[in-house]
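Structure record follows, encoded as structure tokens.
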Amino acid sequence: MRIAVFAGDGIGPEVTAEAVRVLEALQIDGLELVEGDVGGAAYRKHGHPLPAATLEIARSSDAILFGAVGDFSLDHLERALRPEQAVLGLRKELGLFANLRPATVFKGLEDLSTLRPEVAGKIDLLIVRELNGDVYFGEKGTRTLEDGRRQGWDMMSYAEDEVRRIAHAGFKAAQGRCGKLCSVDKANVLETSQLWRDVVIEVSAEYPDVELTHMYVDNAAMQLVKNPGAFDVIVTGNLFGDILSDQASMCVGSIGLLASASLAEGTFGLYEPIHGSAPDIAGKGLANPMATILSAAMLLRHSFGLEAEAARIEAAVAAALADGIKGGDLGGSAGTKEIGDAVLARL
Ligand code: ATP
Ligand code: MG
């Protein structure tokens with residue numbers, strides 16, 4: 001069991017250090033942690049945001065715990081050398097095609113949500129977003145038409161195998177939760193979405209224990225605000241998932257608590273907080289490490305099948321929050337290390 005630890009830039013190293021302390025405290029047999037450089041930190045040391053040595057560590061590991069990348073002072077670099085390219089490179093090189101983002105409101109934090117507390121308190125959902133296809137990766141371009149008007153285009157496309165594998169990821173996630181999967185598309189208008197819906201229905205035959213529903217994306221955006229408690233797992237394409245997962249995170253309201261996973265075929269995955277490098281608070285010991293600690297719990301669950309250990313971490317975080325241990329992002333005053341200590345004490 002080998003975990004690559006890529007802390008990255010800004011608050012990445014601070015929050016990752018606390019997650020590592022939590023992992024080590026579990027004393028899991030045969031667990032090995034290997035550090036690697038990514039992002040701006042890697043560029044400064046090796047001249048590239050994703051050096052070959054880092055990729056090699058990733059390939060020889062079973063999972064990656066990732067902090068954050070981003071560094072404004074490197075904005076002048078050509079795109080391929082910018083810190084953010086590390087994430088895109090890892091996605092591509094490791095075939096990470098499924099992005100999982102749980103959104104849950106912890107007890108006592110209902111008023112952080114942009115929604116009414118009684119609605120917010122019911123949110124406990126997981127968004128499974130396809131990462132490698134859709135309009136982001138289709139043929140694209142700009143041109144000037146004969147009559148002089150400029151035109152831009154991006155082709156939206158999905159091949160059936162791409163839909164099938166993300167559908168499987170969605171159904172499997174639903175099996176591990178409440179057994180409800182909502183597939184989100186725009187099948188009334190888009191050919192891509194009609195194929196998406198057909199393939200999801202085909203795949204559903206293999207999961208008779210999961211209740212499948214379909215929803216148009218515009219309605220899903222509305223229901224996420226109106227009745228988010230009705231959702232268990234949402235599976236959707238790259239573009240719709242990009243938008244809905246940010247919307248869901250605001251419904252929850254706390255950027256320092258939200259974890260994510262990017263999964264490949266099999267059990268390999270990259271786990272990271274959804275927040276960025278937060279340069280405004282980097283190096284000050286103020287960042288909330290809970291999102292990264294919860295990402296480590298997702299890692300143990302998905303890549304190693306360690307459900308009990310994952311649940312222990314999640315319960316310790318929930319207990320710390322219930323006891324009023326809150327970082328600045330939650331209107332509290334607890335620092336990075338103090339929050340890590342509080343979680344460890346409740347483990
Ligand atoms: P990126 O481009 O890297 O995604 P961003 O501009 O989207 O960065 P974040 O880094 O996600 O921004 O930070 C957004 C705001 O939330 C900042 O004010 C930051 O200080 C705050 N923030 C982010 N993560 C945390 C955290 N773990 N604890 C406390 N505050 C945080
Ligand atoms: Mg951001």
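A short reminder: the numbers here are calculations on the coordinates, not readings from a lab. Remember, predicted model here, so these are calculated numbers, not experimental data. Every residue, glycine as well, gets a Cβ built from its backbone with ideal geometry; the counts of neighbours run over all protein chains shown.
Say we look at region 2-58 and pick out the residues that are in contact with a helix residue (DSSP H, G or I) (Cβ under 6 Å, 6 or more places away or on another chain) and assigned to a loop (DSSP other than H, G, I, E, B); which of these is nearest to residue 77 (Cα to Cα)?
Per the stated criteria, the residue is 49.
Of everything in region 258-296, what is farther than 21 Å from residue 3 by Cβ and more than 15 Å from ligand 2 (Cβ to nearest atom)? Give them in sequence order.
283, 284, 285, 286, 288, listed by residue number.
What's the total number of residues in region 53-106 that are within 15 Å of ligand 1 (Cβ to nearest atom) and small (Gly, Ala, Ser)?
So the answer is 5.
Looking only at region 227-248, filter to residues that are polar (S, T, N, Q) and outside any helix (DSSP H, G or I); which one of those is surrounded by the most Cβ atoms within 10 Å (Cβ to Cβ)?
Here is the first cut: in region 227-248, the residues polar (S, T, N, Q) are 227, 236, 238, 245, 247.
Those still in the list that are outside any helix (DSSP H, G or I) too: 227, 236.
Numbers: 227: 11, 236: 28.
Looking at the filtered set, the residue picked out is 236.
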